[in-house]
1. So who's got an amide H within less than 5 Å of the one on Thr92, skipping anything under 5 residues away but keeping other chains? H placed 1.01 Å off N, in plane.
2. Between Arg51 and Ser38, what is the label-point separation in nm under the 7 Å Cα-to-beta-carbon projection?
3. For the pair Glu87 and Asp99, how long in nm is the line joining their label points, each one 7 Å along Cα→Cβ?
4. Ala63 to Glu154: FRET efficiency via 1/(1 + (r/R0)^6), r the Cβ-Cβ distance, R0 35 Å, to the nearest 0.05?
5. Using the per-residue mean of other Cβ atoms lying within 10 Å as a proxy for protection, in what order, highest first, do the peptides 138-147, 85-94 fall?
Amino acid sequence: MKKALIIMLMATIGGCATSVPVTSSMNDFVEMSIKPNSTAKVRYNFSSLVRDGKTKTKDRAGAINSGPGLSVAESLVFSQMLSGYMETKFATTSDPAPDAQISVRLKRFDLYQYSTDSTAKQVLVAFGGGEINQILKAKVVGAVSLVVNGAKRERRIVASSEDTFVTGVGTGTSTSYMYRGKDSIEHAHARNINKANNKFLMQVNAFLEENGL
């Protein structure tokens, strides 16, 4: 019975599957950390195991949530960010006879969304109205590799970002978050994804600098 009520609540506050408006902008920390290299002859490529489109969120334990999910173009957006980074970092990124070959790969992308409130409170909110506190998290897993003079170096990268979100049922919270400085849950997810992607780029940049690029 409780499980059915929680599903009803999530359907009420979740709605239909919607697109997450993720931006491809690099933040100031990434841009300021880039040391341009105008002499290195490099070639880079990007690959992804992550499919753009419908993405199901996960709960605290990593189980997939019920509901329509969200539409996210993570591979497309990250490839645009990586391209911008490479063009800022190197004078050319497609040299036919490179000194260094750089490969960046996305292996996994997860979105988490779960409530920190008790089951009892969630049931009460479903019937009587109120607010539900949620944790939103984006996690990106991948790798960067570098081949120089036939020698290959590689690093696994894990980057994530987390934030809180308040969902209101019958309180007006779901239509106006101004009093909390919040906006839609899709925009909150988008900010987390952008932050996680930027953290990923910072680790790529650190790896390249450690290897002389």
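Every number here is computed from the coordinates shown, using simple stated rules; none is lab data. Note that the structure is a prediction, hence the values are computed from the model and not measured. Ideal geometry is used to build each Cβ from the backbone, glycine not excepted, and the neighbour counts take in all protein chains shown.
1. Val42
2. Using points 7 Å along Cα→Cβ, the separation is 4.6 nm.
3. Each label point is offset 7 Å from its Cα along the Cβ direction, giving 2.4 nm.
4. Numbers: r = 31 Å, r/R0 = 0.88.
Computed FRET efficiency for Ala63 and Glu154: 0.70.
5. Per-residue Cβ counts within 10 Å, averaged per peptide and sorted highest first, yield 138-147, 85-94.
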